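Right, one structure below, let's go through it.
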Amino acid sequence: MTEPSSTHTSEVATPDTLDLRYRDADLPISERVEILLSQMTLQEKAGLFFQTMITMGPDGSLTDGDELFGLPSTDEYVNGLLMSHFNILAAAPTAEAMATWSNRLQELAAATRLGIPVTISTDPRHSYSDNPLAGLSAGCFSVWPETLGLAAIGDAELVERFGDVARQEYTAVGIRVALHPQVDLTTEPRWSRQLQTFGEDVVLSSRLGAAYIRGFQGTHLGAASVATMTKHFPGGGPQKDGEDPHFAHGREQVYPGDQFELHLLPFEAAFEAGTSQIMPYYGMPVGTEFEEVGFGFNKSVITGLLRERYGFDGIVCTDWGLINDASVMGQPFPARAWGVEHLTPRERMNKVLGAGCDQFGGEACPELLIDLVRSGEVTEERLDVSARRLLREKFVLGLFDHPYVDPAAAAALVGNADFIAEGLAAQRASLTLLTNTNDGAGTPTLPFARGLRLYVEGIDPEVAAAYGTVVSDPSEADVAVLRIQAPYEERPTIFENFFHAGSLDFTTEFVSHVRDLADVVPTVLDVFLDRPAVLTPFIDVAAAIVANYGASPTAVLDVLTGVDRPRGSLPFDLPRSMAAVVASKADVPFDTVDPLFRFGHGLRYAR
């Protein structure tokens, strides 16, 4: 069925002459969309197409911009650029402050000619991540394991429950779009974006990804939902050498095992679960049937694969920053225009629209889009196709009818004791016991008794003191607990170091340190596996090894001392060596030869 074209009038209706039936909640949404769209100017339509970062004041005030990230004032966004989609960048000090900020932003939007409400989105913010380009620290929200930790638990009901808790906390403060889940398969062990995925197995990723979406959206998108922007279509895992395509040296996605189709399967499950939005990845496919340009520019992928093959008619928003070069934190940050670097920003924009995308992530330049229409290169009817999708979601989410939230209710709900307890229980459940050796009497190292003399590294001694007597000399300890990070290579810029990449080998110096310590005292390693580290050097020396995917020291020590038990299973293979990693095919799961531990490995306590 052909979509009706909007009416383009030469005169702009004033508030006194507007057809206000689009505000009538009793009318069908499709009719409300057409009534509103027919009255929008080109400038107002163009503003819908841009979604970028925004900040808030610590007290919930609207800001005059952010020099660090080069962001304009809130007033310029709403009244100057006529934008109404924003990704909240700041970690909120309190839920009440964030809810107050959301209401102030909606009040500003309500005072515009058409009163189009704002849609607020966010990257994940329910864990310990603190990466402004991928995931934010939890702040006032309940704290859960990273998505990879949810995969280690492997329980779809728990994942759906997490989504429901996060939905309640998001909606309480006015957040209505989740820039997640990330259902990419982690088939390249070095890849730097694994922490927010469900791991390496396609069946597990598909099952849990669908549960995640149901938790946020419900069975149908509605006024109580948080819309999910599932990413990164058509699967971001097969990055050449595991490098990240935020950067030019990581722009290529490769398929030496001819497994492009495998990476689509979690998205098929997401479509079935009803995901409202899709984000294509930065990467460009190399050596496939598809055009060798970044997926956001790629008509053969967005229109041919996503729109036509899968029939997806929801919103497609590009990953952040495909059009314009930027300066962030005083450093240049080039546009991620892979394969089309030679094009001008307006030519890139035209190509994204031609590919079939609806919205430009991380951009705030509606003047370019207006120029494309006025020059005749893009028709206003093409804008209407995407504008309908963008407006429709605002209506479906109930933003036109109920844009405001209750700050006092948000303060009571967000981070409440029950949610905090559930998150902590999930952290403990996600811990994966990899090894647990016996002492001379046949007693396993874990769990060990509370009250022992503890030597710790990477743990606040005050936290450890609740579980035993902390000593500074390993030779005086009964057990040592080392909390360590999977290795990664230091890179030249601050941005690159947000994304852990490179070798998975620990340094010779660190291995020697652990071995020396283990010669003195039984040593337990707690390893944060944001990537599948090569743990081979520690297998014959550590008394026990536990993997975590975002868990507090308290959660870990609770499990080490038997307050709770480890229930996690590896969400990916752990390679035996870097040689095996380098030899593996980037797009093929479980392709490292003779892994040290296989997917699904996880010991349990005897009792």
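The values are calculated or read from the model by the stated rules, or taken from the named source; none is laboratory data. Bear in mind the structure is a predicted one, so any value in this text is a computation, not a measurement. Because the Cβ atoms are built from the backbone with ideal geometry, glycine has one as well, and the counts that use them run over all protein chains shown. When the accessible area is computed, the model is the full protein with side chains, heavy atoms only, and any ligands, DNA or RNA have been set aside. Shrake-Rupley method; radii C 1.70, N 1.55, O 1.52, S 1.80 Å.
I'd like to know which of Gly154, Gly65, Ala90 lies farthest towards the positive end of the charge dipole of the stretch 53-154, counting +1 on Cβ of Lys and Arg and -1 on Cβ of Asp and Glu. Checking the options against the dipole of the stretch 53-154, the answer is Gly154.
Sorted largest first by accessible area at a 1.4 angstrom probe radius, with every protein chain in place, the residues Phe271, Phe49 fall in the order Phe271, Phe49.
Which of the GluC sites (Glu not before Pro) across the stretch 321-377 are loop residues per DSSP, with 15 or fewer other Cβ within 10 Å?
Values: sites: Glu341, Glu347, Glu363, Glu367, Glu377; in loops: Glu341, Glu363, Glu377.
Answer in residue order: Glu341, Glu377.
Heavy-atom accessible surface of the stretch 152-195, averaged per residue, reaches 20 Å², computed with a 1.4 Å probe. Applying 1/(1 + (r/R0)^6) with R0 = 30 Å to the Cβ-Cβ distance of Asn438 and Thr536 gives a FRET efficiency near 0.90. Here the spin labels are modelled as points 7 Å beyond Cα on the Cα-Cβ line, and at Thr507 and Ser30 they lie 6.3 nm apart. For Lys394, the lysines whose Cα falls under 21 Å of its own Cα, not counting residues fewer than eight places away in the same chain, are Lys45, Lys231.
Panel values: the chain, Kirkwood radius from alpha carbon pairs, Stokes-Einstein at 37 °C and 0.692 mPa s, translational diffusion coefficient 130 µm²/s.
Close amide-amide hydrogen proximity is noted between Asp526 and Leu482, Arg483, Ile484, Val546, each under 5 Å apart and 5 or more residues distant or on a separate chain (H modeled in the peptide plane; Pro and chain starts excluded). Largest first, the extents of the alpha carbon coordinates of the stretch 142-273 on the three principal axes equal 43, 28, 24 Å. Dipole orientation for the stretch 432-485: of the candidates Tyr467, Gly442, Leu482, Gly442 has the Cα lying most toward the positive pole (charges on Cβ; Lys, Arg +1; Asp, Glu -1). Of Phe295, Pro189, Ala417, whose Cα points farthest to the positive end of the dipole of the chain (charges on the beta-carbon: +1 Lys, Arg; -1 Asp, Glu; origin at the Cα centre)? The residue sitting farthest along the positive end of the dipole is Ala417.
When nucleic acids and ligands are ignored and a 1.4 Å probe is applied, Met229 ends up with an accessible area of around 0 Å². Each principal axis of the Cα cloud of the stretch 198-298 was evaluated for its coordinate range; sorted largest first, these ranges are 41, 25, 22 Å. Between Glu76 and Ala579, the contour length at 0.36 nm per residue exceeds the Cα-Cα span by 175.8 nm. Calculated accessible area for the stretch 1-117 comes out at 46 Å² per residue, all protein chains present (probe 1.4 Å; ligands, DNA, RNA ignored).
For the chain, averaging the sequence separation of C-alpha pairs within contact (under 8 Å, six or more residues apart) and dividing by the residue count gives a relative contact order of 16 percent. In terms of its alpha-carbon gyration tensor, the stretch 218-269 comes out oblate; a/c meets the 1.5 threshold, while b/c is at least as large as a/b. Among the protein heavy atoms, those of Arg193 account for about 10 Å² of accessible surface (1.4 Å probe, every chain in place). Take the Cβ atoms of Ile420 and His220, set R0 to 25 Å, and the FRET efficiency comes out at 0.25. Note on the stretch 248-335: Cα convex hull, mean projected area over all directions, 6.7 nm². Here Lys585 is the anchor, and the lysines within straight C-alpha reach of less than 20 Å, apart from those fewer than 8 places off in the same chain, are Lys240. Would you please classify the overall shape of the stretch 329-418 from the alpha carbon gyration tensor, given that a ≥ b ≥ c denote the square roots of the eigenvalues, rounded means a/c under 1.5, and beyond that prolate means a/b larger than b/c while oblate covers the rest? It is oblate, given that a/c is not under 1.5 and a/b is not larger than b/c.
Magnitude of the charge dipole for the chain, about its Cα centre and with charges confined to Cβ atoms of Lys, Arg (+1) and Asp, Glu (-1), is about 880 debye.
Kirkwood radius for the stretch 522-593, taken over all pairs of different Cα atoms as the inverse mean of 1/r, rounds to 13.8 Å. Seen from every direction in turn and averaged, the convex hull around the alpha carbons of the stretch 451-599 projects onto 9.9 nm². By the helix-only formula, in which each DSSP H run with n ≥ 4 contributes -39500 (n - 2.57) and the sum is divided by residues, the chain has a 222 nm mean residue ellipticity of -8500 deg cm²/dmol. You can think of it this way: the chain between Leu68 and Leu452 has 133.5 nm of extra reach, that is 0.36 nm per residue less the Cα-Cα gap. Taking 0.36 nm per residue of sequence separation and removing the Cα-Cα distance, the Val12/Ala408 pair yields an extension gain of 138.6 nm. Of the solvent-accessible surface of the chain, computed with a 1.4 Å probe and all protein chains present, 52% belongs to carbon and sulfur. Entry for the stretch 19-146 at q = 0.10, 0.13 Å⁻¹: log10 I(q)/I(0) = -0.38, -0.61, Debye formula applied to identical alpha-carbon scatterers, no solvent contribution. A Cβ-based charge dipole, computed about the Cα centre of the stretch 171-298 with Lys and Arg at +1 and Asp and Glu at -1, lands at about 680 debye.
Modelled spin labels at Gln43 and Arg309, positioned 7 Å past Cα toward Cβ, are 4.2 nm from each other.
Orientation-averaged projection of the stretch 59-118 equals 4.0 nm² [convex hull of Cα atoms, one quarter of hull surface area]. The residues of the stretch 513-607 present an accessible area of 35 Å² per residue when probed at 1.4 Å with all protein chains retained.
So if we plug the beta-carbon distance of Glu272 and Ile484 into 1/(1 + (r/R0)^6) with R0 = 45 Å, what FRET efficiency do we get, rounded to 0.05?
On the way: r = 39 Å, r/R0 = 0.88.
The pair Glu272/Ile484 has a calculated efficiency of 0.70.
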